[in-house]
Structure formats: structure tokens, C-alpha cells
Amino acid sequence: MRLSRNIAALILAFILVVGGAIYLQQPTRGKAPAAEPHGAAKHEEEGVALSDAKLEAAGIELEKAGPGVLHDSLLLNGILQPNQETLVQVTPRFPGVVREVHKRIGNLVKKGDLLAKIESNQSLTVYELTAPLEGTIIDRQVALGEHVGEQKSAFTIADLTSAWVDFSIYRRDLSRVRLGDTVLIDAEDGGKSIETKISYIAPVGNSDTQSALARAVISNKDGRLRPGLFVTGRVLLAAKPVSIAVKTSALQTFENRTVVFVRSGEKFEARDVETGDRDSEHVEITFGLLEGDLYAAKNSFVVKAEIAKGTASHDH
């Protein structure tokens, strides 16, 4: 009887051992796969697809990363002046009385055009006052019936197809500006900057403003510039070539990282970058971009907002 019980116990133990092993070898059903590390999943979410139509609607402009030149520059305030080398003051040859006036301020004249007729006090004959060059009348100091003399200008004529831009340079910046430096003139009319060069720096300064005058001659054949108006000029002092440069407007801060949004196909991704030198328009990229990478150069904050919106939806 005791032997039978021992045999039965051995058989039961064998069944339990074998059964457990078989159970352990069975595939697990209904168990979720292990989650990916949080950082990796998050990296996948840092992108957004935007079609060309959406880019145009949002005003997002694309540029290619590539070699560029960074400029150290100095911003100066200036004023447009008539070119004094193409300006003439017309004075009467003899004292007399103005009998006829033919031109007004703003009139365009050609060389030899009649300006006025004056009756001489001495001979009582009438002589003509004519334009000595082609240009625009910018001042008139005579009126019908007025007595005029040789010491006072009757008309001022200027050739406005060129103009002077006079800049004030403070003493701390005088050593930085040289004759021949390139200067970009912003006429503040919404148009493109005009490139010219510094042609004159005054040898003496102004005691009242503690500044010195620098001048550039600028073409005005299209009549865009009007003497008397203020402009700004950016003097380019030095140039540094760099391997990769992007527009400064492309840089964004995303999750405490400096990034540029690079487009591949229709998808933008946040590319971590390291920056070097910069100027007013471009910044050097020392790490993170390759030449030819297509990036959001203007309104890149719209891409940032779209990616942030997608990340927030995934988190929920």
C-alpha cells in the first residue's frame, strides 16, 4: 500500500515538471511589445509635412545652405545732397530789372534754354539769361519787375542724374572707415539697396557733433533719389568667406536647442546646428548642415509651430 502511494507521488511530480516546461515554451498571447525609448520616439515626431501650396500660403521661403561671405559692417546715417560738381548758380551779367520769367522751380531745362529777360540799367537794352547746362531748376530768386544784381544768384540748376550722400562718422568709428570702402545705401522707400563706394572723407571734423563727414557719389538716372531726404548706409568693413551659411531668420530655438528646419521631400525636420560668426543677414553653420540642404529661410517659426503642434498631439 505504501509502495503504491510513493509511485503515485512520483508520477504527479513528473506531470507537474513536464507541464510547466511545456507552458513556458508556449508563445505569450495578448502581451504588448516593449515600448521604444522615449528619446527615440520623440526624435521621430520632430517633423511635419508641408506641401508647396502650404508653404506659399504661410509665406515660407526656401533657400539652399552653401558657401557665403560674412561682412563686418558699420551703419551710418546720411542725407542726400545735389552733386555740387554738376550744379551751377546762374547770375545776371548786368544789374537791371526783370522783364520776363520763363522757368520755375522743378522745371527741366536744356543747355541754352531761356530762363528770364532782364533790362540793363546802363544800356536800357534787354538781354537774355539762359541755362548753361542741362538739369533741373532747384532754386529761383527772381520775380517779374524785381531789380537784380551781379552778386545774387537768380537761378540754381542741378544735374540730378547723380547725387551726393553725406554721412556723419563719429570719432570712435573714424579709424574703421577708408576711402574706397563699399557702402550699401538704403533709400528707405522699400526698394533695393544701392551699392557705391566712399569717395571722400573730410580732413577736419565738426566741433558741434564731434563727427566727420564721409561722402559717396551715387547714380540717380531713374530719379528715385530726392536731395534733402535722409538715408542710411551700411559700410562693409571686412569680408569673411565661410563654407556653410544660412539666413539668420532660419535659426530657431526648439526644446532648448538651436535648430534649422531642413526639408526633404515635403517633410521638414528640426536639424540641430552649431553656429559661428554672423552678420546682419547670414550666420555661419559649423556643424549640422551640408551644402545643398534645403531649409526654411523665411517664416521658419511657422514650421516650428507646426512641429510643436504635432508633438503635443502625440503626447496626448
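Every read-out reported here was derived from the displayed coordinates using simple, explicitly stated rules and does not represent laboratory data. Bear in mind the structure is a predicted one, so any value in this text is a computation, not a measurement. As a convention, Cβ positions derive from the backbone with ideal geometry for all residues, glycine included, and neighbour counts pool all protein chains shown.
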Worksheet item: Residue by residue through the range 47-52, which ³J(HN,Hα) values in whole Hz follow from phi under the Karplus form 6.51 cos²θ - 1.76 cosθ + 1.60 (θ = phi - 60°), with glycine and proline marked x?
Response: x, 8, 8, 10, 6, 4
Worksheet entry | Where a label projected 7 Å from the Cα of residue 75 along Cα→Cβ would reach, residues of the range 281-301 with amide N under 12 Å | 281
Fill in: Around residue 278: net Lys/Arg minus Asp/Glu count, Cβ-Cβ under 11 Å
-3
Practice prompt. Please work out how much length the chain gains when fully extended from residue 286 to residue 253, using 0.36 nm per residue of separation minus the C-alpha to C-alpha distance, in nm with one decimal.
Written response: 10.2 nm
Practice prompt. For every other residue with a beta carbon closer than 10 angstrom to the beta carbon of residue 293, add +1 if it is Lys or Arg and -1 if Asp or Glu, then tell me the sum.
Written response: +1
Worksheet item: Of 111/152; 247/309; 54/197, which sit over 31 Å apart, Cα to Cα?
Response: 54/197
Worksheet, complete the sentence: Residues meeting the amide H criterion for residue 200 (H placed from the backbone, H to H distance under 5 Å, 5 or more places apart or on another chain) are 215
Item to complete: Starting from the amide H of residue 258, placed 1.01 Å from N in the peptide plane, find each other amide H under 5 Å away whose residue is 5 or more places distant or on another chain.
Response: 273
Worksheet entry | Surrounding net charge for residue 258, when Lys and Arg each add one and Asp and Glu each subtract one, Cβ distance under 11 Å | -1
Practice prompt. Let me know the charge dipole size of the range 86-158 about its Cα centre in debye, to the nearest 20, where only the beta-carbon of Lys, Arg (+1) and Asp, Glu (-1) is charged.
Written response: 100 debye
Response to the item:
Given backbone amide H placed at 1.01 Å from N, residues whose amide H is under 5 Å from that of residue 116, ignoring those fewer than 5 places away on the same chain, are 102, 129
